[in-house]
1. Taking the stated definitions as given, is B:Gly93 within 20 Å of B:Leu140 (Cβ to Cβ), among the small types (Gly, Ala, Ser) and at pLDDT 95 or above?
2. Counting only residues that are in a helix (DSSP H, G or I) and surrounded by fewer than 16 Cβ atoms within 10 Å (Cβ to Cβ), which one in the stretch B:25-38 is modelled with the lowest pLDDT?
3. Pick from the stretch B:161-178 the residues that are touching a residue at least 12 places away in the same chain (Cβ under 8 Å) and either buried (at least 23 other Cβ atoms within 10 Å of the Cβ) or within 9 Å of chain A (Cβ to nearest Cβ) (or both): which of them is farthest from B:Ser107 (Cα to Cα)?
4. Would you mind telling me which numbered condition in (1) under 25 Å from the mean Cα position of the chain (by Cα); (2) buried (at least 22 other Cβ atoms within 10 Å of the Cβ) B:Ala194 fails?
5. Just give me the residues in the stretch A:39-65 being assigned to a helix (DSSP H, G or I), within 23 Å of A:Arg111 (Cα to Cα) and not hydrophobic (A, V, I, L, M, F, W, C), in sequence order.
6. Please tell me if B:Ile142 is surrounded by fewer than 18 Cβ atoms within 10 Å (Cβ to Cβ), more than 9 Å from every other protein chain (Cβ to nearest Cβ) and not acidic (Asp, Glu).
7. Across the stretch A:183-207, which residue is farthest from B:Glu177 (Cα to Cα) among those that are at pLDDT 85 or above and more than 9 Å from chain B (Cβ to nearest Cβ)?
8. Taking the stretch B:46-61, which residues are in contact with a helix residue (DSSP H, G or I) (Cβ under 8 Å, 6 or more places away or on another chain) and either crowded, with 17+ Cβ neighbours inside 10 Å or among the small types (Gly, Ala, Ser) (or both)?
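The values are calculated or read from the model by the stated rules, or taken from the named source; none is laboratory data. Just so it is clear, the model here is predicted, and its values are computed rather than measured. Every residue, glycine as well, gets a Cβ built from its backbone with ideal geometry; the counts of neighbours run over all protein chains shown.
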Protein chains: 2
Amino acid sequence: MATGVRRRMGVEERRRQLIGVALELFSHRSPDEVSIDEIAAAAGISRPLVYHYFPGKLSLYEAALKRAAEDLAERFEEPREGPLGARLLRVMGRFFDFVDEHGPGFSALMRGGPAVGSSATNALIDSVRQAAYVQILAHLGIVSPSPRLELVVRSWISLAESTALIWLDGRRIPRGELELQLVHDFAALAAVSAAYDSEMAALLRHLLSGEPVDGPFAELIGRLSGLVAA
Amino acid sequence: MATGVRRRMGVEERRRQLIGVALELFSHRSPDEVSIDEIAAAAGISRPLVYHYFPGKLSLYEAALKRAAEDLAERFEEPREGPLGARLLRVMGRFFDFVDEHGPGFSALMRGGPAVGSSATNALIDSVRQAAYVQILAHLGIVSPSPRLELVVRSWISLAESTALIWLDGRRIPRGELELQLVHDFAALAAVSAAYDSEMAALLRHLLSGEPVDGPFAELIGRLSGLVAA
């Protein structure tokens with residue numbers, strides 16, 4: 001053996017290593033710019049051995065995406081205690097941590113990377129969106145959402161995705177500001193929808209009633225009041 | 001000739017006809033459920049003749065998508081006169097007309113259809129988003145947008161896409177309500193962003209100052225005032 005000290009890894013251990021190496025490389029460059037040769041070199045093994053564990057680049061890409069999706073979904077989990085605005089703000093912090101860590105990989109995936117359009121990739125992206133949706137409903141204490149609430153939550157999730165993508169393109173706005181802005185956006189979209197729907201209005205009143213005077217939702221109300229008065 | 005009356009079409013005329021037939025079929029079913037045989041039958045020509053004009057289903061799909069993209073981009077054009085809220089509301093009406101007409105084709109495309117992930121398809125989708133972005137900036141009278149204004153406009157465009165997709169999935173909310181809601185959402189997202197950015201705040205004041213008391217933005221302000229007071 002060339003390295004002399006390389007020990008044999010089990011199949012699962014080697015697969016985990018290759019996924020980790022791939023994700024590390026995808027965090028700096030778009031997956032379609034990263035070759036199997038580079039992944040092999042970074043893992044310290046030969047190119048044919050990579051193909052032994054993953055039959056092609058697509059299967060390694062999908063396995064890496066699966067691990068990243070599980071990682072992201074875990075970050076949505078937040079204890080169901082304390083004001084809702086603060087909970088959502090903490091989740092936004094962890095979401096931007098993820099986006100920050102996976103920059104080019106996240107962009108390539110959401111903008112249409114090499115495996116995008118494959119049914120496995122689309123199903124994974126949808127599973128993460130669904131995990132976010134389920135978490136938000138649980139925090140709101142809602143079991144059977146109305147169509148308007150479902151729309152607010154799902155469309156806000158897509159707003160969070162696009163906000164993160166636009167942020168990655170140049171990082172011209174401080175991410176802490178965008179994390180708070182997305183919390184405010186949620187309240188603003190809910191407020192717009194509440195105009196049409198008594199259930200939404202009741203939910204919004206409940207949500208705001210539990211907010212501390214120094215919480216992110218109260219801050220938004222203060223700002224909107226100033227705007228309306230002006 | 002079997003039909004006896006079929007006249008010969010020129011190449012471009014035949015290509016246009018096949019694109020029209022494909023778009024008509026894609027408006028009822030997802031493109032991946034529509035076969036070249038069906039397109040040939042609906043156009044009254046043989047399957048090999050379809051392949052004479054389009055070398056494969058993907059090239060016909062991309063040509064159909066290109067025409068649909070041009071059609072949609074044209075609907076964004078709106079005279080630059082009168083209150084901004086009313087202009088945006090008219091554009092939303094035409095956007096939902098398009099979404100309504102192209103239902104399954106639009107869903108398949110945006111959710112990941114057969115040609116999604118191809119660079120040609122992604123470039124077309126991006127060109128439509130860019131056309132929407134350019135139109136909105138022109139109506140706002142802005143030549144060099146700040147990063148926060150760019151974020152508001154681009155993220156609102158993605159919100160409009162996701163709202164339309166969620167609407168198509170069951171049509172459980174009247175579309176007229178969603179057209180107005182998206183106009184309100186634009187103002188709401190701008191208002192949230194205005195809290196961070198004096199340029200956004202100035203733009204928002206300018207935008208609201210030109211609104212009639214019965215316009216959609218004034219309606220939103222009234223509703224938010226009620227909400228803030230409650």
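1. The answer is yes for B:Gly93.
2. B:Asp32
3. B:Leu178
4. The failed condition is (1).
5. Hits for the stretch A:39-65 are A:Lys57, A:Ser59, A:Tyr61, A:Glu62.
6. Yes; evaluated as a whole, the condition is true for this residue.
7. So, considering only residues that are at pLDDT 85 or above and more than 9 Å from chain B (Cβ to nearest Cβ), the one farthest from B:Glu177 (Cα to Cα) is A:Val183.
8. Correct list: B:Ser46, B:Val50, B:Tyr53, B:Phe54, B:Lys57, B:Leu60, B:Tyr61.
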